[in-house]
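**Q** Would you mind keeping the following structure in view while I ask a few things?
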Amino acid sequence: MANQQSQTERQQQKARQRLTPQQLLLGQVIEKPIDQLRDFIEKKELENPALESKAKDESDEMNDDFRPEASPSEQPDMMQDMGGEEIPVQMPRTSGEMTYGDTVSFYDQLKEQMGEQELDEKQQFIMNYLIGSLDTDGLLRKDLSTINDELAIYHNIDTTDEEIRQVLSVLQQFDPAGVGAQDLQQCLLLQIKRKKPTWSTDIVRQIIENYFDDLLKNHWRKLQALFRLTDEQKETVRNEIRRLNPKPGSSLGEVQGFNIHQITPDFIVKTTFDGQVILSLNKGDLPELVVSEAYTELLNNTSALSKRDKEALPILKKDIESAKSLIDALHQRQVTLEKIMKAIIRRQYKFFQDGDEADLQPMKLEDIARDTGLDISTVSRVTNEKYAQTRWGILTLRFFFSAKYEKDGEEMATRKIKLALKEIIEHEDKRHPLTDIRLEEEMKKKGFPIARRTIVKYREQMNIPKASLRRE
């Protein structure tokens with residue numbers, strides 16, 4: 001009887017286990033995207049007088065780079081980390097690097113670069129106006145004569161189209177490459193001209209300059225014949241073009257029904273032309289929190305306190321401990337977000353280099369949890385309702401996760417399969433569209449041996465009608 005009672009008590013004790021207050025707080029700050037976190041911090045500051053915002057000092061900003069750790073399966077040769085030196089590692093399937101540092105907004109980057117130019121007061125005003133006139137994709141679609149009229153009417157600035165053109169040419173030298181272009185053709189030309197000259201970049205430049213309509217219409221057989229390219233060379237040229245960004249300012253515009261006022265990305269992932277991927281955490285206008293010095297001094301000089309103040313010491317200590325807990329939780333949030341995003345980039349490195357959705361690898365929450373050593377619930381909190389600003393636009397973190405299809409021991413990303421299926425249907429003869437059985441055969445030729453019922457399922461998921469309804 002006693003043993004039964006003891007066993008019952010142990011079961012009840014286990015059922016009543018709870019997370020610690022610090023664990024609960026950490027869970028709260030981790031799951032909040034940056035906009036919600038800002039409101040959360042402001043509320044905590046109002047509630048806790050021991051919590052203060054530190055005045056921002058640029059000299060205090062963190063600017064240390066890192067290189068990501070390699071996954072255990074790669075087992076690269078590494079040097080010991082001596083005195084904070086960088087640890088060179090081998091990235092999977094790439095020679096690129098991933099580094100880490102602080103970031104500024106797109107507009108701030110343009111303004112900073114503007115400050116590096118030798119512009120007189122009038123040119124500075126014109127430059128500011130041009131930056132403010134950019135479309136959401138980073139292109140300038142207003143005629144220079146229209147801008148000239150607006151400057152004269154609304155700002156009493158007397159200038160000429162040529163003066164505006166000269167300032168615009170300076171803006172077009174800014175990063176990201178292609179910003180300030182007046183159309184897509186010029187945008188791509190600005191980018192390819194910055195690349196290291198090779199036989200492929202020279203051909204890309206000629207195609208964009210002289211055969212842009214053929215490029216837009218995907219006339220690759222004609223282009224291949226014109227430049228006498230082998231199939232392998234043609235693919236090299238196509239890949240070079242895919243690396244160009246038609247929307248250098250896409251992070252400013254609408255993405256998936258949202259706009260810049262509704263989404264503030266927690267991560268900034270930049271991709272340079274030489275294949276480096278640079279990761280930054282977006283701090284936005286989050287304040288740097290500290291414990292109030294006045295509260296700390298009171299706690300350190302209790303002997304000088306009055307009796308009434310001493311009676312308030314428990315409340316004072318509680319406020320200080322609460323402030324320290326929040327500061328620690330915010331630090332842990334930054335460390336956790338950084339660790340998880342680095343793991344995502346390692347697994348999807350090829351996508352961040354070229355922006356080709358077909359390069360996304362099968363990836364689940366469990367994979368990132370295993371890579372980081374974190375609990376899967378933590379990975380889920382971090383990847384929910386958070387966004388990354390990339391060269392290819394603002395993307396939700398869940399975009400990088402994809403289920404996998406396994407056939408005879410071979411794993412393939414369902415996203416990649418769907419893209420291949422969509423491409424086949426897009427290029428079919430619309431007078432005689434392919435049936436699902438024919439699609440199955442074509443997919444096998446492309447290296448995707450999936451069953452017809454899977455073809456039907458994926459086709460319906462992409463809202464693609466059956467063959468009889470696709471006939472034109």
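The values are calculated or read from the model by the stated rules, or taken from the named source; none is laboratory data. Please read these numbers as outputs of a predicted model, since none were measured by experiment. We place every Cβ from the backbone using ideal geometry, glycine too, and count neighbours over all the protein chains shown. When the accessible area is computed, the model is the full protein with side chains, heavy atoms only, and any ligands, DNA or RNA have been set aside. Shrake-Rupley method; radii C 1.70, N 1.55, O 1.52, S 1.80 Å.
**Q** Could you work out the local net charge near ASN384, counting Lys and Arg as +1, Asp and Glu as -1, over the other residues with Cβ closer than 15 Å to its Cβ? Kindly include the intermediate steps, with their values, before the conclusion.
**A** Values: positive: LYS32, ARG333, LYS364, ARG381, LYS386, ARG398; negative: GLU31, ASP35, ASP266, ASP375, GLU385.
Around ASN384, the surrounding residues sum to +1.
**Q** Along segment 287-299, what does the Karplus equation 6.51 cos²θ - 1.76 cosθ + 1.60 (θ = phi - 60°) give for ³J(HN,Hα), rounded to whole Hz, x for Gly and Pro?
**A** Values per residue, Gly and Pro as x: x, 8, 8, 9, 7, 4, 5, 4, 5, 5, 5, 4, 5 Hz.
**Q** Ignoring ligands and nucleic acids, what accessible area does ILE320 show with a 1.4 Å probe (Å², nearest 10)?
**A** That residue has around 10 Å² of solvent-accessible surface.
**Q** Now a separate question. How would ASP158, ASP202 rank on accessible area, largest to smallest, probe 1.4 Å? Don't skip to the answer; put the middle values down first.
**A** Details: ASP158 130, ASP202 65 Å².
Correct descending sequence by accessible area is ASP158, ASP202.
**Q** Report the accessible area of GLU321, computed with a 1.4 Å probe over the heavy atoms of all protein chains in place, in Å² rounded to the nearest 10.
**A** Here the accessible area works out near 110 Å².
**Q** Run the 1.4 Å probe and let me know the accessible area of LEU226, rounded to the nearest 10 Å².
**A** Approximately 80 Å² of LEU226 is accessible to the 1.4 Å probe.
**Q** While we're here: Mean separation of Cα pairs under 8 Å and 6+ residues apart, divided by the residue count of segment 117-235: what relative contact order is that in percent?
**A** Answer for segment 117-235 is 18 percent.
**Q** Using amide H atoms built in the peptide plane, which far-off residues or other-chain residues are under 5 Å from GLU385 H to H?
**A** Correct list: empty.
**Q** In whole Hz, what ³J(HN,Hα) sequence does segment 461-466 give by Karplus (6.51, -1.76, 1.60; θ = phi - 60°), x for Gly and Pro?
**A** Couplings: 5, 8, 6, 9, x, 5 Hz.
**Q** Can I ask one more? Step through the table entries LYS270/LYS422; LYS195/LYS270; LYS44/LYS270, compare each Cα-Cα distance with 22 Å, and write down the pairs that go over it. All intermediate terms of the calculation are to be shown ahead of the outcome.
**A** Values: LYS270/LYS422 29 Å; LYS195/LYS270 16 Å; LYS44/LYS270 33 Å.
From LYS270/LYS422; LYS195/LYS270; LYS44/LYS270, over 22 Å: LYS270/LYS422; LYS44/LYS270.
**Q** Any idea what diffusion coefficient segment 320-472 gets from Stokes-Einstein, in µm²/s, Kirkwood Rh on alpha carbon pairs, 25 °C, 0.890 mPa s? Spell out each step's value before the answer.
**A** Working: Rh = 18.0 Å.
Answer from the Stokes-Einstein relation: 137 µm²/s.
**Q** Any of LYS193/LYS364; LYS364/LYS444; LYS247/LYS445; LYS142/LYS342 with alpha carbons more than 32 Å apart? Name them for me. Don't jump to the answer; show the numbers that get you there.
**A** On the way: LYS193/LYS364 39 Å; LYS364/LYS444 26 Å; LYS247/LYS445 34 Å; LYS142/LYS342 39 Å.
Listed pairs above 32 Å: LYS193/LYS364; LYS247/LYS445; LYS142/LYS342.
**Q** Also, I was wondering about something else. So how far apart, in nm, are the two label points at GLN334 and ASN300 if each is 7 Å from Cα heading toward Cβ?
**A** 2.3 nm
**Q** Between LEU286 and ASP356, take the C-beta separation as r, use R0 = 41 Å, and let me know the FRET efficiency to the nearest 0.05.
**A** With a Förster radius of 41 Å, E is 0.75.
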